[in-house]
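A quick write-up on the structure given underneath.
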Amino acid sequence: MKNLVVLTGAGISAESGIKTFRDADGLWEGHDVMQVASPLGWEKDQELVLDFYNQRRKQLLSVDPNKAHTVLAELEQDFNVEIITQNIDDLHERAGSSNVLHLHGELLKARSTFDENLVIDWKQDIKIGDFCEHNFQLRPHVVWFGEAVPMMEKAIQKVSNADIIAIIGTSMQVYPAAGLIDFAPVKTPVYFIDPNPNIRENEYLNIYAEKAVSGVPKMAEELRKRFIS
């Protein structure tokens, strides 16, 4: 089966009702991003940071995957689908996708502030005083600004082995994730689904200027026609 590598961003989750939490003015739910998504913000006010992600977690648990998520999962019948997501939700997994790499961490996991490799499943609020086995405070398992992206090397490897690439719900403007496309083999067919595409079609780039829930089923149909039948 051909390797279909799918890069997803906030746009695909927004259609399930998940707020992207970045407003037009750049604030995250009324907070400066560095207050709630940086090591410095964590040092300054752990309670504020925990509350911010606790609210995100509650919201995530109240929504369901949408049509775009389920169609991507169904594509596993015909392609070796590898999803690389910038999203910290679990909607791809809940829809049935079996190969999902989270570049920026996972909201339904917590990790030790003593050992970053000590990660545990966590669906409730994280509170001050919730400790790991080494008696250190737990924090959200999320990559903050200024932190390394540990899954980047694995993501590069997947993209470099792609036969087909799909980019869904992300403008590919945020680095280092935006640089992933540079590792695709030359002449790899790319399918780009975004309501406001900022690039033009060419021989290898196919654009669906629409939302994920309508664009992904159309792309899936096209992929099956072109590469399966």
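Quick rundown of the values:
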item	result
Solvent-accessible area of ASP51 with every protein chain in place, 1.4 Å probe, in Å² to the nearest 10	80 Å²
The chain - share of DSSP beta bridges that are antiparallel (%, nearest 5)	30 percent
Förster radius 30 Å - calculated FRET efficiency between GLU43 and ILE120 (Cβ-Cβ, nearest 0.05)	0.85
Amide H within-cut-off set for GLU82, under 5 Å, with H built and near neighbours excluded	LEU4, VAL5, VAL6
Pairs of Lys in the chain closer than 17 Å at Cα, counting only those 8 or more apart or on different chains	14
Rounded FRET efficiency, nearest 0.05, which uses the C-beta distance separating ASN198 from LEU61 and R0 of 41 Å	0.80
In Å², nearest 10: area of SER97 left accessible to a 1.4 Å probe	10 Å²
3J(HN,Hα) from dihedral phi, segment 99-106, Karplus parametrisation 6.51/-1.76/1.60, rounded to Hz, x for glycine, proline	10, 10, 10, 9, 5, 10, x, 9
Solvent-accessible ranking of MET219, MET152, MET1, MET34, largest area first, probe 1.4 Å	MET1, MET34, MET152, MET219
Note, ³J(HN,Hα) from phi for segment 128-137, Karplus 6.51, -1.76, 1.60, rounded to Hz, x at Gly and Pro	4, x, 7, 10, 7, 5, 9, 6, 10, 4
Note, ³J(HN,Hα) from phi for segment 208-214, Karplus 6.51, -1.76, 1.60, rounded to Hz, x at Gly and Pro	10, 7, 7, 6, 4, 5, 9
Built amide H within the under 5 Å cut-off of ILE88, gap 5+	none
Accessible-area ranking of LEU7, LEU48, largest first, probe 1.4 Å	LEU48, LEU7
Residues whose placed amide H lies under 5 Å from that of GLY105, excluding near-sequence neighbours	VAL143
Heavy-atom SASA rank of VAL143, VAL186 (probe 1.4 Å, accessible area, largest first)	VAL186, VAL143
The chain, helix-only ellipticity at 222 nm - DSSP H runs n ≥ 4, -39,500 (n - 2.57), divided by all residues, nearest 500	-8000 deg cm²/dmol
Coil-residue GluC sites (Glu not before Pro) of segment 29-85, DSSP, other Cβ within 10 Å capped at 13	GLU29
Antiparallel %, DSSP beta bridges [both residues in segment 1-118], to 5	10 percent
Accessible-area value, SER171, 1.4 Å probe, nucleic acids and ligands omitted, Å²	50 Å²
In nm, spacing of pseudo-spin labels at GLU222 and MET1 (7 Å Cα→C-beta vector)	2.1 nm
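The values are calculated or read from the model by the stated rules, or taken from the named source; none is laboratory data. As the structure is a prediction and not an experimental result, all values here were calculated from the model. Quick reminder, even Gly has a Cβ in these numbers, built from the backbone with ideal geometry, and neighbours come from all protein chains shown. What goes into the accessible areas is simple: the full protein's heavy atoms, side chains included, and nothing from ligands, DNA or RNA. Shrake-Rupley method; radii C 1.70, N 1.55, O 1.52, S 1.80 Å.
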